[in-house]
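Everything on this sheet refers to the single structure shown next.
The values are calculated or read from the model by the stated rules, or taken from the named source; none is laboratory data. Bear in mind the structure is a predicted one, so any value in this text is a computation, not a measurement. No Cβ is skipped: glycine too gets one built from the backbone with ideal geometry, and neighbour counts run over all protein chains shown. Surface accessibility is based on the protein's heavy atoms, side chains included, excluding ligands, DNA and RNA. Shrake-Rupley method; radii C 1.70, N 1.55, O 1.52, S 1.80 Å.
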Amino acid sequence: MSDFDRLNSDLVLIVDDIPENLSVLHDALDESGYTVLVATNGETALQRARQSLPDVILLDAMMPGIDGFEVARRLKADFTTRHIPIVFMTGLTETEHVVAAFEAGGADYVTKPIRPREVLARIAAHMQSARLMKQARTALDAFGQATLAIRPESGRVVWQTPLARKLMQDYFSGNEDEAPQAVMAWVDESTRARRQGRDFPPLHINQGARRLIFNLHERAGDDECLLVLREESDAAMVEALTAAFRLTAREAEVLYWVIKGKTSPDIGEILGSSPRTVNKHLEHVFAKLGVENRTAAASVAMARIRMGGMSDS
């Protein structure tokens, strides 16, 4: 395989303390087009998993020192590695050991002695879902989307884009691995409403002149919900209105407060102007938007905001 092919191939980390097992698996995976990393103990496995972020980890359950179960638990506790599928290799086929593998975070298991063809089949099955998840996350990161996935049953954050993490840190304190109670209560109500065929409004978290808005998308998997976040602020809305309709700064401010339902005297008090000056600005706003009254101006402005996502700060 060329260096270019290796850089673009799927990456598998094999963790086993027995050199013979590593050799057999390495050769089988390499011949099938995978890029292979190896680790012979738990500490090295954790380090290489964090550094390389493999697509799938093939993990020996019984190793001296940190065993495979503990390695899996630590990988799943680490935000950067918890999404990686883990396939356990074990000679322990008793029910209690199989259950332990899944409880530790394993996605699958194969039994020893290792049969390379079986391992390849299991790896391929998990590689497809891992590849789709990686592509989705890469695309969301690249486009600066604020998106996170949670498990509704536990409230655990499965993954989130960098922008989502920043917004969550700005608006909430506490453990970033768990969704806040207010968010979970809203997710529960939204999910219930969808099952009943009803719409449920987005969640707004206010912080002064800024607002964090949550929208619920379809489930990202059997046990995950996908949330999309966006931030609004008064200043960002005014800037967006200015750009969208070619308004002056003061015209955009007047339109913003019209959208908020304020009267001309209210707007004048907020902006330090007379109601007559506010109405003069409104005449210019109506002309630029092609409308005749406040209600129509607010409706046109809100429609453009929703269509263009202008409210993101």
Inset, instruction - Identify all residues within region 23-70 that are closer than 16 Å to R82 by Cβ, touching a Leu at 6+ places or on another chain (Cβ under 7 Å) and not in a helix (DSSP H, G or I); write none if there are none. - result: P54, D55, I57
Inset, instruction - Provide a single number: the residues in region 269-281 that are assigned to a helix (DSSP H, G or I) and either of a type outside the set (A, V, I, L, M, F, W, C) or surrounded by fewer than 20 Cβ atoms within 10 Å (Cβ to Cβ) (or both). - result: 9
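For residues in region 219-247 being under 13 Å from the mean Cα position of the chain (by Cα) and among the hydrophobic types (A, V, I, L, M, F, W, C), which is modelled with the lowest pLDDT?
The extreme case among them is A220.
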Legend entry - Any chance A61 is among the aliphatic types (A, V, I, L, M), in contact with a Ser or Thr (Cβ under 6 Å, 6 or more places away or on another chain) and surrounded by 21 or more Cβ atoms within 10 Å (Cβ to Cβ): yes
Inset, instruction - Considering only region 220-268, state which residues are more than 30 Å from W186 (Cα to Cα) and open to solvent by less than 60 Å² (accessible area, probe 1.4 Å). - result: T242, A244, F245, L247, E251, A252, E253, V254, L255, S264, I267, G268
Inset, instruction - Can you confirm whether region 178-196 contains a residue that is over 12 Å from A146 (Cβ atoms), surrounded by fewer than 17 Cβ atoms within 10 Å (Cβ to Cβ), modelled with pLDDT of 85 or more and of a type in the set (V, I, T)? - result: yes
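In region 127-166, which residues are part of a helix (DSSP H, G or I), touching a helix residue (DSSP H, G or I) at 6+ places or on another chain (Cβ under 7 Å) and at pLDDT 65 or above?
P162
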Legend entry - Condition met for T81 (of a type in the set (V, I, T), in a helix (DSSP H, G or I), open to solvent by less than 50 Å² (accessible area, probe 1.4 Å) and closer than 16 Å to V12 by Cβ): no
Inset, instruction - Run I57 past the list (1) more than 30 Å from T161 (Cβ to Cβ); (2) under 25 Å from the mean Cα position of the chain (by Cα); (3) among the β-branched types (V, I, T) and report the number of the one that doesn't hold. - result: (1)
Legend entry - Every pair of residues 6+ apart whose Cβ atoms lie under 6 Å, when the first sits in region 201-213 and is open to solvent by less than 70 Å² (accessible area, probe 1.4 Å) while the second is of a type in the set (D, E) and not in a loop (DSSP other than H, G, I, E, B): A209/D234; R211/E232; L212/E231
Inset, instruction - Evaluate region 94-109: report whether one residue or more is in contact (Cβ under 8 Å) with a residue 60 or more places away in the chain, in a helix (DSSP H, G or I), of a type outside the set (F, W, Y) and open to solvent by less than 60 Å² (accessible area, probe 1.4 Å). - result: no
Legend entry - Some residue of region 38-52 being in contact with a Gly (Cβ under 8 Å, 6 or more places away or on another chain), at pLDDT 90 or above and surrounded by 19 or more Cβ atoms within 10 Å (Cβ to Cβ): yes
